[in-house]
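Written out below as structure tokens is the structure these notes cover.
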Amino acid sequence: MSKSRKFKVDGESYVVSFDKDGNLNGVSKTAGRNGQYRETPVDPSSSEFANVVASDEALSAYNVNKFKGKATVDTIEKASVEELNKVYDDKTKKRTNEDIDLPLNETNSSRNVATEENFGVGDPFTGYKASKRKKTYPTVFAYPLDIDPQQDHLKIKKFKYSRPASNVQAGRPDRVKTETKPIYKNTSRGKRPTGKTRTVNTNIAGDSVLGMEQLGSVVLPMPKVVDTNGCEWGESKVNIFGLAAMSMGQNLGKLGMSEEQQEDLRKIRENLQKNKGMGTSSLRDIAGATGASVFSQAAITALGQQVSNNEFLARTGGRILNPNAELLFQGPVLRDFNFDFLMVARSREEGEEIRRIIRWFKTGMAPKFNNSTFLNNPDIFTLEYKRGQGPMDQLDTVNRFSPGGLALRTIQVDYAPNGSWSAYQDSQPVALRMSLNFAELRPIFESDQEMTPASSVGY
């Protein structure tokens, strides 16, 4: 597919493209500076498209392309409607991955703009060389290479897993509470205050195993965003006998039961203590639920017939034991996130960057061999939806991620997302799909939600 030089129609700059037969198959509006310009495809069904195609400037470009100036015609031959729409769709999709007005001397797709100047400088978590303790900034990868940091994007950082010797999570500096506590000494009369105090740092909710050493980061286009917060709640049923068992060794009044319930429980406790054999004579002493339980046990003992408490009560009195059903909190749910990125290599350099990104993720999620007995933990990650370059430029319009870090559980790469192998001369796939699954290392607590800006949606 060939393309004309820029020309102007009604003060706007355009270029037109042609198929292999020389037919016009696309119109794009151009804009830019410093010798660089971007092309915005024009919808072939629009009046703007028709106006450009009908212009003398477009006709001149058509004649130059088709006849090389040796002949001219008065009418432009256009490609079919199907081809016009296909070219427009392809250019529109490509346009979504292109940067705007970058002052580069090379094509945008062959130059990484995600340098330390744009990403990472001033981060509170910067790496240090282990040997000389010199400050160094981690590597920053980016796809596409010319991604604009001032547009919405996803930034993923990688950190070493760091856990103290004690079986507690390591606290981040911004999530540590400082307290002053008195110092005591042991005497013959027990511990006595000395009048002195000590400062103690206590980890609060939000502790993490996130190490201070950053191992690089990746900047990716904004993905499909979905977050799901949840807690585990389970049904609990406790009938009168369960309540009796729970009340053993407790004061009945502490259970918050009615006087009638307390009386039933008193009778059950007495029966359990005095009639451990659960004989049928208990039917004369204890009514209601207690009698049903005794009958059930007697039926099993004497007749070998299984009769439940509720069967007995339903058949004799048209009632059953109250299960006292209730939904009880059972614990938090750790969130997980799935991301899909369709990555198209527009240049050799961009293909190399894609491979580096994939390798970076695979290396980070792999366990570290220690010896034949032990394996060390993989690295962990932090994720941020951002617009801008600073540490405070997180988006408030979508969810945030646990400050305690996330584990990369799976990475899946489809090197032929269109169903068949398609590659450049160097065997770099034209397109591939990278799928990532992250899981948070700790739950999100109320204190975490309260620490987010009031204008945000929280975690």
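Do we find a residue being in contact with a strand residue (DSSP E or B) (Cβ under 9 Å, 6 or more places away or on another chain) and loosely packed, with under 15 Cβ neighbours inside 10 Å anywhere in region 341-353? Spell out how you get there, then give the answer.
As a first pass, look at region 341-353 and keep what is in contact with a strand residue (DSSP E or B) (Cβ under 9 Å, 6 or more places away or on another chain): 341-345, 350-351, 353.
Now narrow it down to the ones that are loosely packed, with under 15 Cβ neighbours inside 10 Å: 342.
Yes: region 341-353 contains one or more residues that are in contact with a strand residue (DSSP E or B) (Cβ under 9 Å, 6 or more places away or on another chain) and loosely packed, with under 15 Cβ neighbours inside 10 Å.
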Review point. Do we have any residue at all in region 215-232 that's modelled with pLDDT under 85, under 31 Å from the mean Cα position of the chain (by Cα) and of a type in the set (A, V, I, L, M)?
Key: no
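Each row is one residue, and each column tells you yes or no for (1) in the same structural domain as I354 (by TED's automatic domain parsing); (2) modelled with pLDDT under 65; (3) part of a strand (DSSP E or B); (4) crowded, with 18+ Cβ neighbours inside 10 Å.
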| position | (1), (2), (3), (4) |
| --- | --- |
| P144 | yes, no, no, yes |
| I147 | yes, no, no, yes |
| Q150 | yes, no, no, no |
| K158 | yes, no, yes, yes |
| R163 | yes, no, no, no |
| P182 | no, no, yes, no |
| K185 | no, no, yes, no |
Check your understanding: Of the residues that make up region 379-390, is at least one touching a Pro at 6+ places or on another chain (Cβ under 9 Å) and modelled with pLDDT under 90?
Key -> yes
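Give S456, S447 a once-over and let me know the one that is touching a residue at least 12 places away in the same chain (Cβ under 8 Å) and assigned to a loop (DSSP other than H, G, I, E, B).
S456
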Exercise for review: Of the numbered conditions (1) modelled with pLDDT of 95 or more; (2) in contact with a Leu (Cβ under 9 Å, 6 or more places away or on another chain), V398 fails exactly one; give the number of that condition.
Suggested key: (2)
Point to revise | Cross-chain or 6+ apart pairs with Cβ under 7 Å, region 218-234 first and in the same structural domain as V344 (by TED's automatic domain parsing), then aromatic (F, W, Y) and assigned to a loop (DSSP other than H, G, I, E, B) | key: V219/F119; L220/Y143
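Yes or no, residue by residue, for (1) over 12 Å from S217 (Cα atoms); (2) surrounded by 13 or more Cβ atoms within 10 Å (Cβ to Cβ); (3) touching a residue at least 60 places away in the same chain (Cβ under 8 Å):
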residue	(1), (2), (3)
T363	yes, yes, no
N377	yes, yes, yes
F381	no, yes, yes
Q389	yes, yes, yes
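The values are calculated or read from the model by the stated rules, or taken from the named source; none is laboratory data. What you see is a predicted model; the values in this text were computed from it and never measured. All Cβ positions, even for glycine, are placed from backbone atoms using ideal geometry, and neighbour counts span all protein chains on display.
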